[in-house]
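Please treat every number below as a calculation from the coordinates, not as lab data. Keep in mind that what you see is a predicted model, and the values were worked out from it rather than measured. Don't worry about glycine lacking a Cβ; one is built from the backbone with ideal geometry, like all the others, and counts go over all protein chains shown.
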Amino acid sequence: GENVEQHPSTLSVQEGDSAVIKCTYSDSASNYFPWYKQELGKGPQLIIDIRSNVGEKKDQRIAVTLNKTAKHFSLHITETQPEDSAVYFCAATGGDYKLSFGAGTTVTVRA
Amino acid sequence: NAGVTQTPKFQVLKTGQSMTLQCAQDMNHNSMYWYRQDPGMGLRLIYYSASEGTTDKGEVPNGYNVSRLNKREFSLRLESAAPSQTSVYFCASSANGNTEAFFGQGTRLTVV
C-alpha cells in the first residue's frame, strides 16, 4: 500500500512569512494528492489538491507542487495569517484507490 | 445538505464491551472510509469501501469490522473494545478514490 511521509511535524512562522510543508510517497501509481486542514475539534477539510498530470497549482495564497520523478509534493502558504494556524495533512491515493495520509504538521502563526 | 454524519460524538466503553459507530452520507458518493486519529500519527485507514457491497482492509484493521449497509451508510464495529482503541474516529466519503473526501465531525472514543 501507499506510504506517505510528512515534514516537519511542527512549524512556527511569523505572520506575513511563508510556510512550506513537504511530503513524499511510495507508490509510483499514485495520481491524486490532496491537502487537508484540520481545526481543533473538527474533521479535516480539503484546501487544495493536485493530480499527477500537473506540476503546480495555485489558489490565492496557497500553492502545491508535485515532482513525480522524485515522488514528492509540497504545500506553500504565502503571507501567513493567524487563521492559517491549524494542523495540515498531505495525502495520496495509491494504485488501490485508498486515500493514505501523512502524520500531519501543526502550523502556528505568531502575531 | 448534511454531508457526512457520524454518531455518536462521544463514547466511553469498558474493556471487552462492543459497540457500533454509525456513518451516513447524503452526497451519493461511492467510496466511504473509516480512519482513526491518534496524536503524532495522523489519520490511519482502518477500512475502506469502494462501492456498495465491497469492503477492504486498510492499514490498521485488527479489532474492527465494517458493514456497507447500502450506498449511504458505512458502520464500524468494535467487537471487544481494548484500551488501545481509544482514539478519535473519522468517517469520510468521496465520489471515488481520486476525488475530494468529505469528513464527518468525528467520534471521540475512550476505552477504560
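Here is how the numbers come out for the structure above:
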quantity: Electrostatic dipole magnitude of the stretch B:41-112 [Cβ: Lys, Arg +1; Asp, Glu -1; Cα centre; debye, to 20]; calculated: 100
quantity: Highest-MSF residue in chain A out of A:LEU99, A:LEU40, A:LEU11 [GNM, Cα springs under 10 Å]; calculated: A:LEU40
quantity: Cα radius of gyration and Dmax for chain A (Å); calculated: 13.4, 43
quantity: Nonlocal Lys pairs with alpha-carbon distance under 24 Å, chain A (8 or more apart, or different chains); calculated: 20
quantity: Selected from A:ALA63, A:VAL4, A:GLN14, residue furthest toward positive end of dipole (chain A; charges at beta carbon); calculated: A:VAL4
quantity: Sorted peptide list for B:26-34, B:52-60, criterion being average Cβ within 10 angstrom, highest first; calculated: B:26-34, B:52-60
quantity: Positive minus negative residues near A:ASP96 (Lys, Arg vs Asp, Glu; Cβ under 9 Å); calculated: -2
quantity: Student exercise, chain A dipole from Lys, Arg, Asp, Glu Cβ charges, in Debye to nearest 20; calculated: 180
quantity: Order of B:ARG68, B:ARG77, B:ARG108 under a 10 Å beta carbon neighbour criterion, fewest first; calculated: B:ARG77, B:ARG108, B:ARG68
quantity: Between the stretch B:43-112 and the stretch A:41-111, the alpha-carbon center distance in angstrom; calculated: 23
